[in-house]
Amino acid sequence: MTPKTETYAEVAKEIAAVLDGEPNVTAQMATVACLLSERFEAYYWTGFYVVDADKPDELVVGPYQGTLGCLRIAFGRGVCGAAAATRETQVVDDVHAFSDHIACDANTNSEIVVPVLDGNGELIAVFDVDSTSFKSFDAVDKQWLERIISDTFAA
């Protein structure tokens, strides 16, 4: 097991323990963002963009750790919008080469965005992690973040 895999396994258990019995989605999101942000040095911005109930084709910033985030992102725009529109995890080694990238923070160079589905399979948010380094995220990050998000929100 690699050190990164071990860290993900540990933090996944910690998230599950802290959130055991907690039904509030905002509390769940805040906890996930906080605990993951604290454990990984490469995580520069860590948080959620939530589907806006009044504008279901738009994401609005939710609980996060980091610098000021974009307030709203339309489905299909940038990395977060692509994840929302396709419901597929986006792993981007260089955000500057990503078509229609939204520069919420000029320090971001790579990004991973995981769609957040509820127990009914409905998109409720996306989980976004930015890094100041290029190529910060790989298959290990994708696998573990998808697992943590699914275990937390689709259960």
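Quick notes on this one:
- If R0 is 25 Å, the Cβ-Cβ spacing of Ala42 and Glu122 corresponds to a FRET efficiency of close to 0.25.
- Measuring r between the beta carbons of Ala155 and Ala9 and using R0 = 25 Å, the FRET efficiency lands at 0.90.
- Segment Ala27-Asp105, extension gain: residue separation times 0.36 nm, minus the distance between their alpha carbons: 25.6 nm
- Counting only Cα atoms, the chain measures 38, 37, 25 Å along its principal axes, largest extent leading.
- For the chain, the membrane-span-like helix rule (DSSP H, alpha carbon extent of at least 20 Å along the helix axis, mean Kyte-Doolittle at least -0.5) picks out 3-19, 25-39, 139-153; this says nothing about an actual membrane.
Computed from the coordinates by the stated procedures, all read-outs in this text should not be read as laboratory data. All figures in this text were calculated on a predicted structure; none of them were measured in a lab. Neighbour counts run over all protein chains shown; Cβ positions are idealised from the backbone, glycine included.
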